[in-house]
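Asker: Dumping the structure here so I can ask a few things about it.
Here, each number is a calculation from the coordinates, and none is a lab measurement. Everything quoted here is computed from the prediction, not taken from an experiment. FYI the Cβ positions are ideal-geometry reconstructions off the backbone, even for glycines, and counts take in every protein chain you see.
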Amino acid sequence: MTDEGGNVVKLRAPRPCPICGTRSASKFHPFCSKHCADVDLNRWLKGAYAIPAVEPPDEWDEASQTRTDDEESGR
């Protein structure tokens with residue numbers, strides 16, 4: 001990944017750190033420092049970030065609920 005002059009070719013444009021907004025460092029990409037990377041990891045581990053999901057009803061629960069309803073009604 002070098003050109004003829006022996007210079008390193010950058011693969012991606014610099015972006016700001018998502019935590020503090022300063023320029024990101026390649027060693028900690030996309031963060032600027034280990035501290036900001038650790039802050040982000042802590043937020044994930046504490047549940048501050050969440051990916052919303054809608055779960056369909058479980059077929060097994062529906063089948064067992066129907067069976068219970070039938071038993072209660074005497075069928």
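Asker: Under 13 Å from the Cβ of CYS17, count the other residues' Cβ atoms, weight Lys and Arg +1, Asp and Glu -1, and hand me the total. If you can, show how the numbers build up before the last one.
Answerer: Details: positive: ARG15, ARG23, LYS27, LYS34; negative: ASP38, ASP40.
Counting the neighbours of CYS17, the net charge comes to +2.
Asker: Calculate, in nm to one decimal, what VAL8 and LEU41 gain on full extension: separation in residues at 0.36 nm each, minus their alpha carbon distance.
Answerer: Stretched out fully, the VAL8 to LEU41 stretch lengthens by 8.9 nm.
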